[in-house]
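Structure, as structure tokens:
The values are calculated or read from the model by the stated rules, or taken from the named source; none is laboratory data. From a predicted model like this one, the values you see are computed outputs, not experimental measurements. Here the Cβ positions follow ideal geometry from the backbone for every residue, glycine too, while neighbour counts run over all protein chains shown. For accessibility, only protein heavy atoms count, side chains too; no ligands or nucleic acids. Shrake-Rupley method; radii C 1.70, N 1.55, O 1.52, S 1.80 Å.
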Amino acid sequence: MAGGAHNLEQTMETSDETGLNEVIGRWRAGLANTGTMRPTDLDELEAHLRDSVAELMRAGLSGVEAFIIAGRRLGTAGGLTTEFAKVNRHEIWLTRVLWMVGGVTVAVTVAKLSSAMANLAMLAGTQLGLKASALGWFALGTQWAVMLGMMAVGWFGGERLFHRLSAAVVQARAHSFLTAVVVLVALTLATGITLGSEYLTLNLVGHSEVSSALIYRSVSGMLMPLVFWPVVVFWLLRCRTRVSVG
Amino acid sequence: MHNAAMYQPHMLSKELVAASTVPLVLSVLTEGESYGYALISRVRELSSGQIEWSEGMLYPVLHWMEKEGLVEAEWRESEAGRKRKYYRISRSGRRALADEKDQWLAVHTTLSRLWKPQTKPA
């Protein structure tokens, strides 16, 4: 009997501990979603909350009860957000820009890859002996299939991809220079792949004068992102020095 | 907003809380390094509960003080194995505190002189 009671008590303690970790996890995620706090800010607030909870539990409260009171003492999400936003203004702006850069990179890469695949389909189509409108429909079909395929990946893997991208943004803040290089190389390569495939297609189909003209477009197209290199690199380096001070 | 509801007549006004946070933090840190939760507990204890901060609001202030070079901070593991950020007063923090002290004492002295006749029994 005594053993049974002990077991029950132990089970209750464990479930309280699990419940506590769960509510703290949700509380932290809620604050993280406001986008105004750095991961280290959240660590510091969580350490505070846990200290406060531990003290209240020593006074006899259950884990979840202690959490409710400790959370109230720490402040509402609205109040905390306002105060942290004031000191992290620069950080918040940088994160927003990184999300934009990430979005542009993903969108451009998807668009460029699908048109490169369409060009390759045209190439394959000519080898299969397709002519005129059949060739056009084949290329169009391929492009849409690739686009829809990528959209399906985005739709079904959305949550996981979003978390990946979030993690990438956190990493990108720590390595701003590397981020600038990766983004610009990705954009340059995506442009290069599309225009390169266009060149190959036109050349094989027989429009060699158009395809040679395209080389210049390819080169200028690939150089376009290069124009932004000094600007982006300078800007990100400046962000990095400021952030490390803060 | 929830702050206003927390005020009791004997508690410090919002304006005074805002003005006194930096000198209070610096003064507590002259006793040795500390972290957010312990800082709040110390101030509550010393003020007999009259100075009650909305706890989370202290951290943006601490981060601002760190950026201004008034305090130095370091992440370390506590006895319980929890990661904690410890704050220490810097040399420029001590200078800032000396300035604050002069100013607060000037206010205190002036008010004390003005209030003296009223507090004395006739």
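Express in Å², to the nearest 10, the accessible area of residue A:138 obtained by rolling a 1.4 Å probe over the protein heavy atoms while all chains stay in place.
80
Give me the percent of accessible area attributable to carbon and sulfur for the stretch B:61-100, probe 1.4 angstrom.
Carbon and sulfur atoms account for 44 percent of the accessible area of the stretch B:61-100.
Cα axis of helix B:91-119 to longest principal axis of chain B: angle in degrees, 0 to 90, nearest 10?
The helix B:91-119 is inclined about 20 degrees to chain B.
Which whole-number value in Å² is the accessible area per residue of the stretch A:75-123, probe 1.4 Å? Present the calculation step by step, with values, prior to reporting the outcome.
Working: 2360 Å² over 49 residues.
The answer is 48 Å² per residue.
Starting from the amide H of residue A:75, placed 1.01 Å from N in the peptide plane, find each other amide H under 5 Å away whose residue is 5 or more places distant or on another chain.
Sorted by chain and number, the residues that satisfy this are B:56.
Skipping prolines and chain starts, which residues have an amide H placed within reach, meaning under 5 Å, of the one on residue B:83, given they are 5 or more residues away or on another chain?
For residue B:83, whose amide H was placed from the backbone, the distant partners under 5 Å are B:78.
List the pairs from A:86/B:85; B:14/B:85; A:86/A:112 whose alpha-carbon separation is above 30 Å, in the order I gave them. Let's see the in-between values first.
Working: A:86/B:85 20 Å; B:14/B:85 26 Å; A:86/A:112 40 Å.
Too far apart for the 30 Å limit: A:86/A:112.
Considering only protein heavy atoms, what per residue accessible area in square angstrom results for the stretch B:47-122 with a 1.4 angstrom probe?
Result: 67 Å² of accessible area for each residue.
Per residue Cα convex hull volume for the stretch A:79-175, in cubic angstrom?
Given the Cα convex hull of the stretch A:79-175, per-residue volume reads 123 Å³.
How about the stretch B:75-93: which of its residues lose at least 50 Å² of accessible area in the presence of all protein chains relative to their chain isolated, using a 1.4 Å probe?
The answer is B:75, B:82.
Let me know the shape class of the stretch B:8-98, please: from the alpha-carbon gyration tensor, a ≥ b ≥ c as square roots of the eigenvalues, rounded when a/c is under 1.5, otherwise prolate if a/b is greater than b/c, or oblate.
Taking the square roots of the gyration eigenvalues as a ≥ b ≥ c, the stretch B:8-98 is oblate.
Going by a 1.4 Å probe on protein heavy atoms, which residues of the stretch B:30-71 end up with at least 30 Å² less accessible surface in the whole assembly than in their chain alone?
B:37, B:55, B:56, B:57, B:59, B:60, B:63, B:67
Apply the Karplus curve 6.51 cos²θ - 1.76 cosθ + 1.60, θ = phi - 60°, to the phi angles in the stretch A:155-164 and return the couplings in whole Hz, x for Gly and Pro.
Here the 3J(HN,Hα) series is 6, 7, x, x, 5, 5, 4, 4, 5, 4 Hz.
Kindly identify the stretch A:49-123 as rounded, prolate or oblate by the Cα gyration tensor criterion: order the square roots of the eigenvalues as a ≥ b ≥ c, call it rounded if a/c is under 1.5, otherwise compare a/b with b/c, prolate if a/b is larger, else oblate.
Working: a/c = 6.67, a/b = 2.78, b/c = 2.40.
Note, shape of the stretch A:49-123 comes out prolate.
Probe radius 1.4 Å, ligands and nucleic acids left out: can you give me the accessible area buried at the B-A interface, summed over both chains, in Å² to the nearest hundred? Provide the component values of the computation, followed by the final result.
Numbers: alone 8640 and 15780 Å², together 22410 Å².
About 2000 Å² of accessible surface is lost on pairing.
Per-residue mean of other chain beta-carbon atoms within 10 angstrom of the beta-carbon, peptide A:42-54?
Rounded to a whole number, the mean comes out at 5.
How much of residue A:43 can a 1.4 Å solvent probe reach, expressed as accessible area in Å² and rounded to 10?
Surface open to solvent at residue A:43 totals about 40 Å².
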